[in-house]
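Below is one structure, written out as structure tokens; comments come after it.
The values are calculated or read from the model by the stated rules, or taken from the named source; none is laboratory data. Keep in mind that what you see is a predicted model, and the values were worked out from it rather than measured. All Cβ positions, even for glycine, are placed from backbone atoms using ideal geometry, and neighbour counts span all protein chains on display. Just so you know, the surface numbers come from the protein's heavy atoms only, side chains and all, with ligands and any DNA or RNA stripped out. Shrake-Rupley method; radii C 1.70, N 1.55, O 1.52, S 1.80 Å.
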Amino acid sequence: MPPTNPPKQTPFPTRAQLLDYIRDNPEHVGKREISRAFQLDAEQRPQLRQMLKQLEDEGHIQRGRKRRFAPPGTLPEVTVLTVHATDSDGELLARPDTWDTEELGPPPRVLVLPMKGRQAAAIGVGDRVLARLTREGETRYTAKPIKRLSSAPARLLGVLAEGPDGWRLRPTNRRDRNEYIVRSGDRGGAEAGELVEAEVVPGRTYGLRMAKVLDRLGDTANPRAVSLICIHSHGIPTEWPPEAEDQARAAGPVPPEGREDIRSVPLVTIDGEDARDFDDAVWAEADPDPANSGGWHALVAIADVAWYVRPGDALDDEAVRRGNSVYFPDRVVPMLPEALSNGWCSLRPNEDRGCLAVEMWFDAVGEKLRHRFLRGVMRSAARLTYTQVQMAMDGGADEATAPLVEPLLTPLYGVFRALDGARRTRGSLDLDLPERRVIVAEDGTVAGIQPRPRYDSHRLIEELMVAANVCAAEELEKVRQPCMYRVHDEPSQEKLTALRDFLRTLDIKLAPGQVLTPHLFNRVLEHARDTEHEHLVNEVVLRAQAQAEYTPDNIGHFGLGLRRYAHFTSPIRRYADLMVHRALIRGLSLGDGGLEDDQIDEFAQIGGHISSTERRAAAAERDAVNRFTVAFLAGKVGATFSGRVNGVTRAGLFVTLDETSADGLIPISTLPADFYWHNEEARCLEGRDFGRVYRLGQPVTVRLREADPIAGGLLFELLEDEDSAPSGPGRSRRGGRPPGVRRGPGRRSGGRR
């Protein structure tokens, strides 16, 4: 019998093939999965073990739970997280407890889902949870909590108070309604009424928890304590490393050698009255080229921050840690020290400054013909405000703007109209959501709350900045350099379905199956324009959108209707823009301060980190505006206000006041006597017995019952009106329900019977 040939051995994978396989698998993989994937036999497994050990020793992979392997920085499938913040939609964000920032860099973004089932527990900022992770991208995870490990934050911010039975700490977080006991020896010298940072003392499992004061932050009677609360509550870094401060103080003017001299161009900055730094300047003229009749020539110059902040130095380390500046009504926490942010990097009038600029040519309908980047020396001709510029164009020029109307402002408005027309043709999301401005007096008290005006001068700057940002992304692709894109994905199908269901209750159609474009949403907004639902529809359309973020992987910007987009225009206050500047300097050989090789490898991680710091800043800024507004209303308890329902939950109705845009709660227990059903589909509370209905967007009249500036909360009492009252006398289970509101799937919410 002839001998049988032994089976042919499968070729052993190369290091590159093995690494590619581990990177391409979102979950951790072990030796068994690798052996199966490459069809390795028993004789080849020792060689596999040896190669995996080498890759681990060299830092190319890491060993996780159950002897499974993954790329460095990959989280295990089940891990312990600490919830540290909420995003703009109120979703919880967490950090892995075992993450080594020094070794691995910024942690990935982890979105924590709510707990479900009988054992569900409320999870809030500061809680630790054991969770199962699903990887959603290079630096993003979704966490499904398995168990809440602790119910109180390790650290908290609060106000110290003295009572008849000892010292208490009252948290500033409105979600934490518990008081904490502070032993006399744990006060750290703080007195009653002081704002303090404390840590929760472990051990006590019944009654009130105990806390120990770590840091005294000042008297809560000081009006400026409001922003201080927000800074500490959201973990905004405020202290500068000495090396970074020294580096900023040692800065000086940029050398003119190797730069284009554009000081003769009368560039101007146009910002708000309360602007603290000026990082962009603009200029325009009618294009003198006869081949471009009716066209425009524009220049956008941006502060050359990259000259002063180099990759890996002390300023750079702190800038990437902060990610961006944070703006409060009474102060700013800058990304760069004041010597740079308000000094050498601020485009002050009549002072020479280094800049990175883009020169752009547009035709008469706003289509870009070409562009050119340069690194230069500029001199701002004037520091103007939006109000000044708009008044000048409306015939009310002052001493500063009168000489600039014809030679500069008129061409700027000309290029704006062309770009605005191109935007409308292209299609971009056209939301109309008014902002409020807190007016802070010199003593720190709130002098008033006003809507921020919206002029064409604002839109002029926005259109020019968008055009410059597009040029930056296009240029980096052209010169084959990495780009930190600003991307905005399409809305998810889940959010679209919820939006479609809600709009149906207002008789507004958002038909399924259509090609998703900003035009589709604009038609919805147009349908609601000048109706009682206009503001509400703008709000719910905004909530349906995905969050914008920073990433080196381009998927376009849905909201702006652009295929490529990057932030280039604000490097003083956004680290993303600084990275784009460095990439342009490197790609165009514009001198020192360009992107370095080691930072290119960190683009994805840095993108995730600065997306997170941006959300943190936005949450802190919203929190500050809300708290200042509460402080303003604290003296108006008992007053009556008009507003609209902006949220419907099992806890009650959230209301936004018309005059100040302040938000507060009408607890469900204070609504007129009924048993209320929370109809989640129709976003309303329905009275089971008397037919009262309270729905999203409904106008209401309320009385202010309580205003707590420390916790930042408002409580209202509903003054019943005809819209929500039953339609007829007596008990009616169905007859009082208005058309279009169905019982639908919902949950019972206990209220007054």
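Under unit Cβ charges (Lys, Arg +1; Asp, Glu -1), what dipole magnitude, rounded to 20 debye, does the chain have relative to its Cα centre?
On the way: 102 positive and 112 negative charges, 899 e Å.
Using Cβ point charges on Lys, Arg, Asp and Glu, the chain gives about 4320 debye.
Normalised Debye scattering of the range 473-612 at q = 0.13, 0.18 Å⁻¹ gives log10 I(q)/I(0) of -0.66, -0.95, counting only Cα atoms as equal scatterers and leaving out solvent. Dividing the radius of gyration of the alpha carbons in the range 587-666 by their Kirkwood radius gives 1.31 for Rg/Rh.
Sorting the segments 524-536, 565-577 by their residues' average number of neighbouring beta-carbon atoms within 10 angstrom, most packed first, yields 565-577, 524-536. Across the range 476-521, Cα-Cα pairs farther apart than 15 Å form 58% of the total. For the range 649-706, the fraction of alpha-carbon pairs lying more than 14 Å apart is 54 percent, rounded to a whole number. For the pair residue 436 and residue 634, label points projected 7 Å from Cα toward Cβ lie 1.6 nm apart. Taking only protein heavy atoms and a 1.4 Å probe, the accessible area of the range 544-653 is 44% carbon and sulfur.
What's the tally of Lys pairs in the chain whose alpha-carbon atoms lie under 12 angstrom apart, where the two lysines are 8 or more places apart or on different chains? Can you show the working numbers first?
On the way: 31/53; 31/66; 116/144; 116/147.
So the count of such lysine pairs works out to 4.
Per residue, the range 483-619 exposes 41 Å² of accessible surface when a 1.4 Å probe is rolled over the protein heavy atoms with every protein chain present. Among residues other than residue 594 whose Cβ falls under 9 Å from its Cβ, what is the net charge (Lys/Arg +1, Asp/Glu -1)? In short, 0.
Each of (i) 2, 11, 19, 24, 21, 14, 6, 2, 1, 0, 0; (ii) 2, 11, 17, 20, 18, 15, 10, 5, 2, 0; (iii) 3, 13, 24, 27, 20, 9, 3, 0, 0, 0 is a candidate for P(r) over Cα pairs in 10 Å bins from 0, in percent; the one calculated from this structure is (i). In this rough spin-label picture, where each label sits 7 Å from Cα along the Cβ direction, the residue 199-residue 531 distance is 5.6 nm. Summing +1 for each Lys or Arg and -1 for each Asp or Glu among the other residues whose beta-carbon sits under 12 angstrom from that of residue 661 gives 0.
Taking a ≥ b ≥ c as the square roots of the eigenvalues of the Cα gyration tensor, the range 611-658 is classed as oblate, since a/c reaches at least 1.5 and a/b does not exceed b/c.
Accessible area per residue for the range 370-430 in Å², computed with a 1.4 Å probe and the full protein assembly in place, what is it?
On the way: 2610 Å² over 61 residues.
I get 43 Å² per residue for the range 370-430.
The helix-based estimate of mean residue ellipticity at 222 nm for the chain, built from -39,500 (n - 2.57) per DSSP H run of four or more residues and divided by its residue count, is -8000 deg cm²/dmol to the nearest 500. Taking label points 7 Å from Cα along the Cα-to-Cβ direction, residue 339 and residue 91 give a separation of 4.1 nm. Which is farthest toward the positive dipole end of the chain among 251, 158, 421, measuring Cα position about the Cα centre, with Cβ charges +1 (Lys, Arg) and -1 (Asp, Glu)? Selected residue: 158.
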